[in-house]
Amino acid sequence: MHPNERMQRYYNYAVKGALGGFLVMKKGVVALKIFKAAPVITMMLSSLAYSFVFGWPFAIGMVGSIFVHEMGHAIALVRYGIPISSMVFIPFMGAAVTSRIDKVHKFTADKDVVVAMAGPVVGGTAATVLAVLGNASDSQLLLSLADWGYTVNLFNMLPIGMLDGGHVAKHLHRMMGVSGLALGGGLMYTGTVTHPIFMLIMLSGAWTTGTRFFGQQKPHPYGSLKNPLAVFAGYLALCAALFAGAAWTKQRLIPAKEMPGYEEKVQKAHDSLGEYGWLMEEDFGYGNDEEQNEDHLVLHKD
């Protein structure tokens, strides 16, 4: 069996396991909450899962970046007096803060937008800190984590379905949903994003957008934005800042082949991973050529 085919099978198992684990966790989280342990335990499990693919240093950094992003949402929710139930991490899917917005009688569209954008704002700020520190210390690990942080937060700003950008888009013009689906479709068509969960996000976005065009028009339960133009401008500014940060960071990442001991590190990474050494980034939607994937192994597995 070709290494790519073998690892595609392993990846499919991992995704199915994550989905199954999510269903189990929905019931198990109730028990975990008794000990206030849900965030800690699920963070540890996510770090462990990511470590098999990216190595411990990068895995811990990834989970930390996700945690900071979710804390942005949590801080905004608490600021508006909304009860937070828990924060749960799901390997290869991200994390979520569960809240009780239904218990708040005066939740508005403006507050919903602030809560949605708070995650990428705080997450992008954390990525900037990593980028500055990485550049100052010439740390490829910190720069790689910064690049990942910018990319993930920018991805979350896509105006599609359940993504943060989708929560903003539902309060703006319905054509934003169309543009989001077009962007998402382009990412899937070019192979830039291949994660199966993204297909569910696209379906969610298609349903939401289709309802706004063809469904019965009803007032949004949160009302309307006080200044839609200002919200749209803020949305574009945040996307531009995240994109600029990602571009700046990528310019400072050194290609693995230019680093000393490249061949030895690739071989060492493959040997240490055994059959898992052939795991390619394309299975996770980050790249699509073997040369990139060997670079990835050198930077993060050694």
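Data overview
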| item | result |
| --- | --- |
| Answer from Val129, Val78, Val104 - the residue that is surrounded by fewer than 18 Cβ atoms within 10 Å (Cβ to Cβ), modelled with pLDDT of 90 or more and over 24 Å from Val193 (Cα atoms) | Val129 |
| Leu187 being modelled with pLDDT under 90, over 25 Å from Val97 (Cα atoms), part of a helix (DSSP H, G or I) and within 21 Å of the chain's Cα centre (by Cα) | yes |
| The range 190-216 - residue that is in a loop (DSSP other than H, G, I, E, B) and among the polar types (S, T, N, Q) and, of those, surrounded by the most Cβ atoms within 10 Å (Cβ to Cβ) | Thr194 |
| Residue match in the range 47-66 (condition: at pLDDT 85 or above and within 30 Å of Thr108 (Cβ to Cβ)) | yes |
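The values are calculated or read from the model by the stated rules, or taken from the named source; none is laboratory data. As the structure is a computational prediction, the values presented were derived from the model and not from experiment. Here the Cβ is made from the backbone with ideal geometry for all residues, glycine too, and neighbour counts use every protein chain on show.
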